[in-house]
Every structure is written in structure tokens, then in C-alpha cells.
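In what follows, a structure is listed as C-alpha cells, so that the remarks can point back to it.
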Amino acid sequence: MRVRISDQAMNIQSLTVYPNPAGDFVFVKIISLVQTRGVLKIVDLTGKELQSQQVTNTLQPQTLDITSLSGGKYMLQWLVDGRLVETQSFEKVK
């Protein structure tokens, strides 16, 4: 079976989430060879989507307001063309 990954997904080098643990905001740096559009999603440990944000400029760090989240562990997903490219975990402190 041959699997093709989109050119945009292949250009992602890394996803950095900071600070971790976080308070009211988390910053996401998407390091890519080219500017890429996609979606950042925050999901809980059961996989339930809690928040999402469209990203149109990966050249600048993204700021996510997480004040509505309870303290605990979460997963941040990066999707390009509807496909999951990378997942990073982070912790929200009260």
C-alpha cells in the first residue's frame, strides 16, 4: 500500500508548546520550511475537542487563551488539510 502525505504536512519540522505547565495562555511555535495553514486543536485526554483555532501564518507564534480550561493535562493537535500532523501534551495549572 502506498501512502502519500501532503506536501504541507511534510514541511512541518516541529511544534513547540510553552510555557508548560501553563496558566492562562499557551504559546505555540510551529517550525516549518514553508508557511503553512492549518488548525490547532486542544483536546482532553479522552479525545474530546475543547477548543480550536485556525492558523494562517506559521511564521509567528500562536497564542491560545486557555482560561476556560480546568487544571489538568491536555493534548494540542496540529492538523493540516484535515490530517493530524503532530500532537504535543501540556498541563494547565489553576
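The values are calculated or read from the model by the stated rules, or taken from the named source; none is laboratory data. In this text the structure is predicted, and so the values were computed from the model without any measurement. Ligands, DNA and RNA are stripped out before the accessible areas are found, and what is left, the full protein with its side chains, is counted by its heavy atoms. Shrake-Rupley method; radii C 1.70, N 1.55, O 1.52, S 1.80 Å.
To put it simply, the accessible area of the range 45-94 at a 1.4 Å probe is 44 percent carbon and sulfur. Only protein heavy atoms count here; under a 1.4 Å probe, residue 81 has an accessible surface of about 110 Å². Kirkwood radius and radius of gyration were both taken over the C-alpha atoms of the chain, and their ratio Rg/Rh is 0.98.
Think of it as helices only: each DSSP H run of n ≥ 4 in the chain is worth -39500 (n - 2.57), and spread over all residues that comes to -500 deg cm²/dmol at 222 nm. Pairwise Cα distances in the range 12-63 exceed 12 Å for 68 percent of all pairs.
Per residue, the solvent-accessible area of the chain (1.4 Å probe, heavy atoms of protein chains only, all protein chains present) comes to 63 Å².
A Gaussian network model of the chain, with springs between Cα atoms under 10 Å, assigns the largest mean-square fluctuation among 29, 73, 48 to 48.
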